[in-house]
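Take a look at the structure below.
We did not get these values from a lab; they are worked out from the coordinates using the rules stated. Computed from a prediction, not measured in an experiment: that's the story for all the values here. Backbone-built Cβ (ideal geometry, glycine too); neighbour counts: all protein chains shown.
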């Protein structure tokens, strides 16, 4: 491993960061020996032109300025690019931990050389990192947006509707089904906005705009605690800027 490498070290879902550092120096750098030669370290890409490795550790190293930081906080501290890399690190670490044994025959697995896959030496089964696609839909009716809130949201926060894609389903079919199931209305004119890897734990959020096409809002009590139409100039408390839902709503508000 390169002596000038960055390290994303995780312990109990907290990442080691350097307090008071500029965004480009939020993660510590140095040879593996400086951090106790972490086992099963994964090369997850480059950061500021240098290799970046990730590893789970039993205890975060004690280094000057070091502190344990949540993944969500990385966005505010270092921006979207570094947050995305940290998200990739946590997803790959979770994948490595969850596929230590073959799901077919139970044999201990090992990383396949030259490929991001855990391989069973007995039956040859390959386990690739899991990605769970999810669709987000912001429905508009004139100058009003349809927003809902899950019981799991922070108090007062409303967002666009979202749900996971089911086997054999297209993104378009998922969008119509999720809106229908969650609030009982129909949509039309689906338009792609953007996508975002969402490492909580392993989603790929695909966001769309849509137009209202009929029906009365009837929230599914299992999924949605409240939903309503909100004027563009009187929106409720919105999700944090780290999420694509906030960018989707802001894009609608700006025209």
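Annotations
- When 109, 116, 216 are sorted by how many other C-beta atoms sit within 10 angstrom of their C-beta, beginning with the fewest, the order is 216, 116, 109.
- In terms of its C-alpha gyration tensor, the range 25-121 comes out prolate, because a/c is 1.5 or above and the ratio a/b outweighs b/c.
- In degrees, nearest ten, helix 80-98 long axis to first principal axis of the chain (Cα): 70 degrees
- Helix-only arithmetic for the chain: the sum of -39500 (n - 2.57) across DSSP H runs with n ≥ 4, divided by the residue total, places the mean residue ellipticity at 222 nm at -6000 deg cm²/dmol.
- Shape analysis of the range 32-189 places it in the oblate category; the axes a ≥ b ≥ c from the Cα gyration tensor give an a/c of at least 1.5, with a/b not above b/c.
- Each of 104, 154 was scored by other Cβ atoms within 10 Å of its Cβ. Arranged with the fewest first, they read 154, 104.
- Each of 243, 132, 150 was scored by other Cβ atoms within 10 Å of its Cβ. Arranged with the fewest first, they read 132, 150, 243.
- Sorting the segments 195-208, 218-231 by their mean number of nearby beta carbons within 10 angstrom, highest to lowest, gives 195-208, 218-231.
- The packing ranking of peptides 165-172, 122-129, highest mean first, is 122-129, 165-172, where packing means the average number of other beta carbon atoms within 10 angstrom of each residue.
- Gyration tensor (alpha-carbon) shape descriptor, the range 132-253, a/c threshold 1.5: rounded
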